[in-house]
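First up is the structure itself, then whatever we jot down about it.
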Amino acid sequence: MKIKFIRISHIVFMFIFNITFSTMLFAEEFVGFWVLADSKGNPFEIQIRNDGSASGTHGKDMKHGSWQEKDGKIIISWGTGWVTVIAKDGENYIKKAFKPGVSLNGIPTNISSAKRKYNLTPIN
């Protein structure tokens, strides 16, 4: 009985470890600086951090937010109520922005490309 419990415990541990590790690896794909465009086509930048926080340069309102990974994309919730979603689209990335109160299943307020910025100097 004790051996069976140890085996089951080991299997459960490995399952949880694999899920956690794969989520961390996936999230790493999004950590860093990104250049996006607003509804007028003006570029702005966001920074996605390992600790789940995000910051942006789009106006005075989009300075701080938090993000989470869900279904192969990251969802950034800003203090203003806006939500930004970044997802892989083939070989590229796409950004969808949603006004406060709009469901993520609804029509985005704005869609643009999302490009990883490899120069780590933030836009001011």
Checklist outcome for this item: If we keep only residues of the range 59-80 that are assigned to a loop (DSSP other than H, G, I, E, B) and free of Cβ contacts under 8 Å to residues at least 40 places away in the same chain, then the residue nearest to the chain's Cα centre (by Cα) is D71
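For residues that are under 24 Å from N105 (Cβ atoms) and either over 9 Å from the mean Cα position of the chain (by Cα) or assigned to a loop (DSSP other than H, G, I, E, B) (or both), tally how many sit in the range 29-53. I'd like the intermediate steps shown before the answer.
First, pick out the residues of the range 29-53 that are under 24 Å from N105 (Cβ atoms): 29-30, 34, 36-39, 46, 48, 52.
Checking which are either over 9 Å from the mean Cα position of the chain (by Cα) or assigned to a loop (DSSP other than H, G, I, E, B) (or both) leaves us with 29-30, 34, 36-39, 46, 52.
So the answer is 9.
Return the residue satisfying two criteria in turn: it lies in the range 49-58 and is touching a residue at least 12 places away in the same chain (Cβ under 8 Å) and not hydrophobic (A, V, I, L, M, F, W, C), and of such residues it is surrounded by the most Cβ atoms within 10 Å (Cβ to Cβ).
Kept after step one, since they are touching a residue at least 12 places away in the same chain (Cβ under 8 Å), are these residues of the range 49-58: 49-50, 52-54, 56-58.
Now drop any that are not not hydrophobic (A, V, I, L, M, F, W, C), which leaves 49-50, 52-53, 56-58.
Details: R49: 12, N50: 10, G52: 12, S53: 13, G56: 23, T57: 17, H58: 20.
The residue in question is G56.
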Next on the checklist: Just to check your reading of the model, which residue among I74, I86, I46, I94 is touching a helix residue (DSSP H, G or I) at 6+ places or on another chain (Cβ under 8 Å) and either modelled with pLDDT of 95 or more or buried (at least 16 other Cβ atoms within 10 Å of the Cβ) (or both)?
Outcome noted: I74
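If you check K40 against the conditions, is it exposed (fewer than 10 other Cβ atoms within 10 Å of the Cβ) and either at pLDDT below 85 or among the acidic types (D, E) (or both)? Full working, then the answer.
On the way: exposed (fewer than 10 other Cβ atoms within 10 Å of the Cβ): yes; either at pLDDT below 85 or among the acidic types (D, E) (or both): no.
So K40 fails the test.
The values are calculated or read from the model by the stated rules, or taken from the named source; none is laboratory data. Treat the numbers as computed from the prediction; the structure is a model and nothing was measured. Here the Cβ is made from the backbone with ideal geometry for all residues, glycine too, and neighbour counts use every protein chain on show.
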